[in-house]
2 protein chains.
Amino acid sequence: MTEKRGERLLVGVVGMPGSGKSIVSDVAREMGFQVVVMGDAVRAEAQRRGLEPTGEAMRNLMLKLRAERGPTVVAELCFPLVDSAGELVLIEGIRSLHEVEAFRERYGRLHLIAVHSSPRTRFKRLIARGRPDDPSDWEEFCKRDEVELSVGIGSAIALADHMLVNEGPVEELREEARELLRRLVEEWRARE
Amino acid sequence: MTEKRGERLLVGVVGMPGSGKSIVSDVAREMGFQVVVMGDAVRAEAQRRGLEPTGEAMRNLMLKLRAERGPTVVAELCFPLVDSAGELVLIEGIRSLHEVEAFRERYGRLHLIAVHSSPRTRFKRLIARGRPDDPSDWEEFCKRDEVELSVGIGSAIALADHMLVNEGPVEELREEARELLRRLVEEWRARE
């Protein structure tokens, strides 16, 4: 059963840890998008397997799932969530071109937004955020980056349709994201 | 013989084909930078080997050199050019984190600037530019992107210290590049 193409506006967000993806998601929610967080699909799978939801366990499970079931496994875990969503859907946390292709194959167009911050900025933010699964030093930070890069996140960033730079205050990114999403919604509504 | 660190301001530019790297180089030249184009090092090597300097031959040679002599070979071909350059040096056409690391190991700090344009914008530009080695259709364009991505250019883009978005008129990118380079020069002159 394939979905009807074009019946939804599908937006994907890709970015390194600490780049500000969730801020784009927040803006999207305020605008009526349903947000599918790809990490949540991994967390749900972890729960089914009785694993602790620590950051490291999640990253290991993500790598294990990919090794076992191929590079589109996390995208596939998200399909039911996208299928049952409304017209406007944002998918947070895309990690590779394989995933981009999987979504495009199933749903037709996917607008890919990359969020970029310099390593230095992301490091400062993650240290300040201090979630249990955030890195506590530069070495851990680099290791976490490496895991993301090993999956091919860089290629997805390189081929993004839109690039949001997040080096300034949060409100600046929020405003840019709002304007971009507003434009995508307008263009989508105006389709034939 | 290692170089004295910090005696130069070293800026690297990474971006997909058609993203606008050479515009950043032009601005840098106007500001007194010496520009080392990494592709020129490959072209010089091709000449030594008696190869035609077509785009495809260059990409094949680049891949061959990497396979033979490792992922930092093109960076190493550029060392003599950087060594003999002045205080302000911009290296255009970095393609991987291996190269970033090679330059950092030899020269200390390298400020990495990524230039980003959407695939659609880059395609339009390359078609309009129509250099002999530019792609003539979408399929060729995608193949050329794939070669770049296979070398790891996406990871270098993902970890760039600065991101310039080039979707608008040329003058906009020029202005942004000028401001960024001016800031880097000022900070570098004010060191210690």
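Which of the residues belonging to segment A:146-173 are of a type outside the set (A, V, I, L, M, F, W, C), in a helix (DSSP H, G or I) and open to solvent by 40 Å² or more (accessible area, probe 1.4 Å)?
Within segment A:146-173, the first condition is being of a type outside the set (A, V, I, L, M, F, W, C), and the residues that meet it are A:146, A:148, A:150, A:152, A:154-155, A:161-162, A:166-169, A:171-172.
Within this subset, residues satisfying the condition of being in a helix (DSSP H, G or I) are A:146, A:148, A:150, A:154-155, A:171-172.
Within segment A:146-173, A:146, A:150, A:171, A:172 meet the criteria.
Pairs under 6 Å by beta carbon, first residue of a type outside the set (Phe, Trp, Tyr) and open to solvent by less than 40 Å² (accessible area, probe 1.4 Å) in segment B:37-50, partner modelled with pLDDT under 90 and assigned to a helix (DSSP H, G or I), six or more apart or different chains?
That search, which allows pairs on different chains as well, returns B:42/B:58; B:42/B:62.
For segment A:116-123, state whether one or more residues are without any contact (Cβ under 8 Å) to a residue 24 or more places away in the chain, more than 16 Å from the chain's Cα centre (by Cα), under 30 Å from residue B:150 (Cα atoms) and within 11 Å of chain B (Cβ to nearest Cβ).
yes
Does residue B:168 satisfy the condition of being on the phi > 0 side of the Ramachandran plot and small (Gly, Ala, Ser)? Please lay out each step first, then the result.
On the way: on the phi > 0 side of the Ramachandran plot: no; small (Gly, Ala, Ser): yes.
Considered against the rule, which asks whether it is on the phi > 0 side of the Ramachandran plot and small (Gly, Ala, Ser), residue B:168 comes out as no.
Might you let me know whether segment A:44-54 holds any residue that is outside any helix (DSSP H, G or I), within 22 Å of residue A:166 (Cβ to Cβ) and of a type in the set (Lys, Arg)?
Narrowing segment A:44-54 to residues outside any helix (DSSP H, G or I): A:49-54.
Filter once more, keeping what is within 22 Å of residue A:166 (Cβ to Cβ): none.
No: segment A:44-54 contains no residue that is outside any helix (DSSP H, G or I), within 22 Å of residue A:166 (Cβ to Cβ) and of a type in the set (Lys, Arg).
(1) away from every other protein chain (no Cβ under 14 Å); (2) touching a residue at least 12 places away in the same chain (Cβ under 8 Å); (3) touching a helix residue (DSSP H, G or I) at 6+ places or on another chain (Cβ under 9 Å); (4) surrounded by fewer than 17 Cβ atoms within 10 Å (Cβ to Cβ): which one isn't true of residue A:138, the others all being true?
Tallying (1) away from every other protein chain (no Cβ under 14 Å); (2) touching a residue at least 12 places away in the same chain (Cβ under 8 Å); (3) touching a helix residue (DSSP H, G or I) at 6+ places or on another chain (Cβ under 9 Å); (4) surrounded by fewer than 17 Cβ atoms within 10 Å (Cβ to Cβ), residue A:138 fails exactly one: (1).
Which of the residues belonging to segment B:20-43 are part of a helix (DSSP H, G or I) and under 28 Å from residue B:142 (Cα atoms)?
In the first step, residues of segment B:20-43 are kept if they are part of a helix (DSSP H, G or I); the result is B:21-30, B:38-43.
If the condition is that a residue be part of a helix (DSSP H, G or I) and under 28 Å from residue B:142 (Cα atoms), then B:21, B:22, B:23, B:24, B:25, B:26, B:38, B:39, B:40, B:41, B:42, B:43 are the ones that fit.
So residue A:54 fits all but one of (1) free of Cβ contacts under 8 Å to residues at least 60 places away in the same chain; (2) open to solvent by less than 80 Å² (accessible area, probe 1.4 Å); (3) under 29 Å from residue A:124 (Cα atoms); what number is the exception?
Tallying (1) free of Cβ contacts under 8 Å to residues at least 60 places away in the same chain; (2) open to solvent by less than 80 Å² (accessible area, probe 1.4 Å); (3) under 29 Å from residue A:124 (Cα atoms), residue A:54 fails exactly one: (1).
Restricting the search to segment A:94-133, which residues are in contact with a Leu (Cβ under 6 Å, 6 or more places away or on another chain) and open to solvent by 10 Å² or more (accessible area, probe 1.4 Å)?
A:104, A:107, A:111, A:119
Sort out which residues of segment A:1-56 are charged (D, E, K, R) and modelled with pLDDT under 95, and write them in order of number. Can you show your working first?
We begin by selecting, within segment A:1-56, every residue charged (D, E, K, R); these are A:3-5, A:7-8, A:21, A:26, A:29-30, A:40, A:43, A:45, A:48-49, A:52, A:56.
Within segment A:1-56, A:3, A:4, A:5, A:7, A:8, A:40, A:43, A:45, A:48, A:49, A:52, A:56 meet the criteria.
Could you list, in sequence order, all residues of segment A:175-192 that are open to solvent by 40 Å² or more (accessible area, probe 1.4 Å) and more than 14 Å from every other protein chain (Cβ to nearest Cβ)? Give the derivation first.
Of all residues in segment A:175-192, those open to solvent by 40 Å² or more (accessible area, probe 1.4 Å) come to A:175-176, A:178-179, A:182-183, A:186-187, A:189-192.
Residues satisfying the conditions are A:175, A:178, A:182, A:186, A:189, A:190, A:191, A:192.
Residue A:103 is checked against (1) away from chain B (no Cβ under 13 Å); (2) more than 14 Å from the chain's Cα centre (by Cα); (3) under 28 Å from residue A:76 (Cβ atoms) and fails just one. What number does that condition carry?
So residue A:103 meets the others, but not (2).
The values are calculated or read from the model by the stated rules, or taken from the named source; none is laboratory data. Remember, predicted model here, so these are calculated numbers, not experimental data. With ideal geometry, Cβ positions are generated from the backbone for all residues, glycine too; neighbour counts draw on all protein chains shown. Calculation scope for accessible area: heavy atoms of the full protein, side chains included, ligands and nucleic acids excluded. Shrake-Rupley method; radii C 1.70, N 1.55, O 1.52, S 1.80 Å.
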